[in-house]
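Worksheet: the structure to be examined is printed underneath.
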Amino acid sequence: MLEASFFKKTFHFNFRARTSRGLMKDKTSWFIKVWDSANPAVFGLGECGPLPGLSIDATPEFENVLQDVVTRLRSVQRLGDDAIDLLPRMVPPGFPSIRMGIETAVRDLVHGGNRIIFKNSFLRGQPIAINGLIWMDDMDIMLQQITDKIAQGYTCIKIKVGGLNFERECDILHYVRKKYFRDQITIRLDANGAFKTDDVLFKLTELSRFQIHSIEQPLKPGNEALEALCRKTPIPIALDEELIGVDAYEDKRKLLQRIKPQFITLKPTLHGGFLGCEQWINAANEEGIGWWITSALESNIGLNAICQFAGNFQHSIPQGLGTGLLYSDNFESPLETNRGTIFLNTKAQWLLDENSLIN
């Protein structure tokens, strides 16, 4: 008989984590734990990490829905490979982080409770190229972040924009381009919907002087101007927040056909779990739209699962998976970053004792 429970844990940032939505000091996630009653020492673990102010499921009823899902799990007699794709359907629409958590926990248990979610080359130590994330801060601190990331071997950096004075943000990009050519360093931008309709095209034109690879979500989701903007933008646009809450495959395909972005960025926690992201990938491939996979401030439990999911695909561009060093009290894991890549150290182990599984 399957047993299940969940617990909540708060992680604390080891730096000032600032976006256009404000300053974050900590991040709370809920973890689903599943095991067979005959062998409780072997368990699967999955992370549900909704982001307040962004995730569709960051609502007051979140824990009630999670409790209901855990109760339903306890009614399952046995797990097999055929059950993996069926169990996430226990989660009602509108709760993608719970869907990701249950997918992760169940896959983990089916694969022996060793934090193995997907079996591919990533498990054998194959690295995945990632971008280096530059957080909003004072200009000098942001420039130091950029210098540090490039010194660490990153060839692609992602800079949060829209929260500072626009001229200062251009100064930062001017500094980067004055020091590093386009063939040396790729620059991605993430506006988190911070630009306004009346000046977004002007700002994108100004930013295009710095040979930008792409900009994520320049306008807030649902803005009717986004469709026309994607057709005349001087910088390729990647949708992110725009994808939240779109659940049915046909709706996903219609959204991409209507807006026609150049890229989409996929976060399993926000965009329907792994099954939901697979649907986005299939729809994007059909429409000739590029994509990459990104973590969303998960702990190492969630990041590990997303990295393994990313390992199912061939990638020609860096992924957004460099968030494992965010917290001072993260789970100790075999995940490591080196020279602009993330990989699983096959000689290291997870350290998950009872104390680490509670606050």
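The values are calculated or read from the model by the stated rules, or taken from the named source; none is laboratory data. Computed from a prediction, not measured in an experiment: that's the story for all the values here. Glycine also receives a Cβ, built like all others from the backbone with ideal geometry; neighbour counts cover every protein chain displayed.
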Scan Gly288, Gly322 and give me the residue that is under 25 Å from Arg99 (Cα atoms) and not assigned by TED's automatic domain parsing to the domain that holds His12.
-> Gly322
If we ask which residues in segment 169-190 are under 12 Å from Leu207 (Cα atoms) and either outside any strand (DSSP E or B) or touching a Pro at 6+ places or on another chain (Cβ under 6 Å) (or both), their number turns out to be 7
Scan of segment 109-137 for residues that are outside any helix (DSSP H, G or I) and closer than 15 Å to Phe31 by Cβ, ordered by number | Gly113, Arg115, Ile117
Screening Ile157, Ile141, Ile172 for residues that are out of contact with any helix residue (DSSP H, G or I) (no Cβ under 7 Å at 6 or more places or on another chain) and in the same structural domain as Pro318 (by TED's automatic domain parsing) leaves only Ile141
Of Val106, Val76, which residue is touching a residue at least 24 places away in the same chain (Cβ under 8 Å) and assigned to a helix (DSSP H, G or I)?
-> Val106
Within segment 116-169, work out how many residues are more than 22 Å from Phe195 (Cβ to Cβ), free of Cβ contacts under 8 Å to residues at least 40 places away in the same chain and surrounded by 21 or more Cβ atoms within 10 Å (Cβ to Cβ).
-> 1
